[in-house]
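Remarks on the structure that follows.
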Amino acid sequence: MKQNLIMSFESSCDETSVAIIKNGNKILSNVVATQIKSHQRFGGVVPEVASRHHIEEITFCIRDAMKQANVTYDDLDAVAVTYGPGLVGALLIGVTAAKTVAWAHHLPLIPVNHLAGHIYAARFIKPIVFPALALVVSGGHTELVWMPKEGEFKIMGETRDDAAGEAYDKIGRVLGINYPAGPDVDKMAAKGHDTFHFPRAMDNDDNYDFSFSGLKSAFINTVHHAHQVHKKLNHDDLATSFQDAVIDVLVDKTMRALKKHPVKQLILAGGVAANHGLRSRLEKQVDQLSGTELIKAPLKLCGDNAAMIGAAGYIFYKEGIKADASLNADPGLEF
Ligand code: KG4
Ligand code: ZN
């Protein structure tokens, strides 16, 4: 590599993002064009709307990322791109743009799994020390991922229905909160009390899987029932009760996994990793466990962004992982 400069692309859902990353851990630029406003009136992401926005934004993101980083195509060493999992039409825009840049400028193309990208956001804090465990919580995924070494991933447990972020967004809708509801529910939860005692599904099961749809239904039924009998419920208490239930299960299962399979680092990543309640509870619990260090993805890099794809891409590139012009979007990509 010349200057170890990677141009990275992320377009798996509702953010179009292009970044320039130096040495795998220094952000020269990280341009994120969010489409949230266009999806809000539908209460969630509309795939066709997302694809159209990506097409409109991608070239401007490339231009701005290069301008902010003050680089030319000649300075680049490689191109990294999210090729799954995600929305197929959305992924295709980033994959096509990345392939075009790589082909036109004779640069290697590095395929990156979106969830690996979320995990490798930790590298902007410090290098990952193995074995590591990652709790990846986002709008589309809730997974406990075992990492024996660089670039190797094994899913220990995952959600059997809704992802944690998806549950936040769905319960937020019945409270009249705009998509994505996570940040607002998080703020309200800091002000209320757990007065509703919602169910903690699968908390005592002897596995590392999660389930949030029962919690979501219990929440929505509670609100609808109160509405029918004209009873006013305290929204902050509802938020706290929901969030406590989510955090209890996420933290209980993670701590159990850590005790059974000790690791050097626990990485908290994904959009829901920005949750203040979750960050502080995990901090307290992991503090009591000697030998494991908690690495929380930087707050600004929890949501979808291309910087994290560049961080993962740098590692994969060093591991010799490369794609060619036949690279395709893989919406159901697994580790
Ligand atoms: O990782 P991400 O940007 O996109 C996916 O790959 O899904 O995650 C977005 C999700 C949304 O569901 C959003 O409501 C949730 O992350 N989220 C939060 C918080 N900030 C974002 N959930 C709970 N607390 C937050 N502070
Ligand atoms: Zn994501």
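Just so you know, all these numbers are worked out from the coordinates, no wet-lab data involved. Everything quoted here is computed from the prediction, not taken from an experiment. Every residue, glycine as well, gets a Cβ built from its backbone with ideal geometry; the counts of neighbours run over all protein chains shown.
Under 4 °C and 1.567 mPa s, how fast does segment 163-227 diffuse according to Stokes-Einstein, given a Kirkwood radius computed over C-alpha pairs? Answer in µm²/s, whole number. Roughly 102 µm²/s, to the nearest whole number. Counting other Cβ atoms within 10 Å as a rough exposure proxy, the listed residues Ile110, Ile295 run Ile295, Ile110 from fewest neighbours to most.
Only beta bridges with both residues in the chain are counted; by DSSP, about 55 percent of them are antiparallel.
Taking the Cα centre of segment 130-226 as origin, work out the dipole magnitude from +1 charges on Lys and Arg Cβ and -1 charges on Asp and Glu Cβ, in debye rounded to 20. Computed about the Cα centre, the dipole is about 340 debye. Helices in the chain, meaning DSSP H runs of at least 4 residues, each add -39500 (n - 2.57). Divided by all residues, the mean residue ellipticity at 222 nm is -13000 deg cm²/dmol. Compared with the dominant Cα axis of the chain, that is its longest principal axis, helix 47-69 is turned about 50°. Which of the trypsin sites (Lys or Arg not before Pro) found in segment 4-105 are loop residues per DSSP with 15 or fewer other Cβ atoms within 10 Å of their Cβ? When the trypsin sites (Lys or Arg not before Pro) of segment 4-105 are filtered for loop state and at most 15 Cβ neighbours within 10 Å, Arg41 remain. What number of lysine-lysine pairs in segment 191-274 show an alpha-carbon separation below 30 angstrom, given a sequence spacing of 8 or more or placement on distinct chains? Counting lysine pairs in segment 191-274 gives 10. Relative to the longest principal axis of the Cα atoms of the chain, the long axis of helix 235-260 makes an angle of roughly 60 degrees.
Ellipsoid fit via the Cα gyration tensor, segment 3-103: semi-axes of 25, 13, 11 Å, each the root of five times an eigenvalue, largest first.
Separation of segment 227-286 from segment 133-149 is 15 Å, based on Cα centroids. Using θ = phi - 60° in the Karplus curve 6.51 cos²θ - 1.76 cosθ + 1.60, the 3J(HN,Hα) couplings for segment 272-289 round to 6, 5, 6, 5, 5, x, 5, 4, 6, 5, 5, 4, 4, 5, 5, 4, 7, 10 Hz; x is entered for Gly and Pro. Over segment 129-296, with a single point scatterer placed on each C-alpha, what log10 of the ratio I(q)/I(0) does the Debye formula yield at q = 0.12, 0.14, 0.15, 0.20 1/Å? Values returned for q = 0.12, 0.14, 0.15, 0.20 Å⁻¹ are -0.51, -0.69, -0.78, -1.28.
Using 1/(1 + (r/R0)^6) with R0 = 35 angstrom and r between the beta carbons of Lys318 and Asn207, what's the FRET efficiency to the nearest 0.05? Computed FRET efficiency for Lys318 and Asn207: 0.55. Between Gly84, Gly43, Gly291, the residue with the greatest mean-square fluctuation in the GNM of the chain (Cα pairs under 10 Å linked by springs) is Gly291. Magnitude of the charge dipole for the chain, about its Cα centre and with charges confined to Cβ atoms of Lys, Arg (+1) and Asp, Glu (-1), is about 600 debye. Given their separation in residues at 0.36 nm each and the Cα-Cα distance between them, Gln68 and His105 gain 11.3 nm when the chain is fully extended. Rounded to the nearest 5, the antiparallel percentage of DSSP beta bridges internal to segment 129-296 is 50%.
For the chain, the direction-averaged projected area of the alpha-carbon convex hull comes to 16.4 nm². Per-residue extension of 0.36 nm, minus the Cα-Cα distance of Lys300 and Glu334, leaves a gain of 9.7 nm for this segment. Of all aspartates and glutamates in the structure, those lying under 18 Å Cα to Cα from Lys22, and not within fewer than 8 positions of it along the same chain, are Glu10, Asp64, Asp74, Asp75, Asp77, Glu319.
Here the relative contact order of the chain, from alpha carbon pairs under 8 Å that lie six or more residues apart, stands at 25 percent.
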